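> Got a structure here, written out as structure tokens. Questions coming.
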Amino acid sequence: MKYMLLIYSDENSWIDEDREQCFQESTQLCHELNAKGNFIAAAPLQSVTLATSVRVRSGKRLVTDGPFAETHEQLGGYFLVDAKDLDEAIEIAGRIPAARKGTVEVRPVMELSGIPTAGE
């Protein structure tokens, strides 16, 4: 089963050295997960200051600068993994370096038939 591991933290709490160390450790984790067949994708996100939100109301597109909601923690990145069950997904989430500063939300991915896969 696929799980999305959403990484939230206060992006202003990261100093450059900590952020770089987190990236290095996360890259290593990706290689470890890949070797075990769990890795699908992972990426950090650019700063929330670069976010754009899009809403459609009454057929009109509304575009605003910034994230969807003002919160203490922002979505900073994700891992998409293949795990045998929730327990394994939680174990993987606990290994994500950013969990030491923030929160990792573990959510099962809903698979819909008829959606193309990458490369189709």
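> Which of the residues that make up segment 26-35 are within 14 Å of Ile96 (Cβ to Cβ) and of a type in the set (A, V, I, L, M)?
Correct list: Leu29, Leu33.
> Do we find a residue being open to solvent by less than 60 Å² (accessible area, probe 1.4 Å), over 19 Å from Val81 (Cβ atoms), assigned to a helix (DSSP H, G or I) and not polar (S, T, N, Q) anywhere in segment 33-49?
Yes.
> Pairs, please: C-beta under 6 Å, at least 6 apart or cross-chain, first residue closer than 14 Å to Tyr78 by Cα and in segment 1-29, second among the acidic types (Asp, Glu) and outside any helix (DSSP H, G or I)?
That search, which allows pairs on different chains as well, returns Lys2/Asp82; Leu6/Glu105; Tyr8/Glu73; Ser9/Glu73.
> Output the number of residues of segment 98-120 satisfying the condition of being under 20 Å from Ser13 (Cα atoms) and buried (at least 17 other Cβ atoms within 10 Å of the Cβ). Show your work before the answer.
Initially, segment 98-120 is screened for residues under 20 Å from Ser13 (Cα atoms), giving 98-105.
In the following step, the residues that additionally are buried (at least 17 other Cβ atoms within 10 Å of the Cβ) were identified as 98, 101-102, 104.
Of the residues in segment 98-120, 4 are under 20 Å from Ser13 (Cα atoms) and buried (at least 17 other Cβ atoms within 10 Å of the Cβ).
> Given (1) under 17 Å from the mean Cα position of the chain (by Cα); (2) over 19 Å from Ala98 (Cβ atoms), identify the lone condition not met by Asn38.
So Asn38 meets the others, but not (2).
> Moving to a separate point now. Hey, can you tell me all the residues within segment 50-93 that are polar (S, T, N, Q), part of a strand (DSSP E or B) and more than 14 Å from Ile7 (Cα to Cα)? Steps first, answer last, please.
Residues of segment 50-93 polar (S, T, N, Q): 52-53, 58, 64, 71, 74.
Adding the requirement that they be part of a strand (DSSP E or B) leaves 52-53, 64, 74.
Scanning segment 50-93 gives Thr52, Ser53, Thr64.
The values are calculated or read from the model by the stated rules, or taken from the named source; none is laboratory data. Bear in mind the structure is a predicted one, so any value in this text is a computation, not a measurement. A quick note on method: Cβ atoms are made from the backbone with ideal geometry, for glycine too, and the neighbour counts reach across all protein chains shown. Protein only, heavy atoms only, side chains kept; ligands, DNA and RNA dropped before computing areas. Shrake-Rupley method; radii C 1.70, N 1.55, O 1.52, S 1.80 Å.
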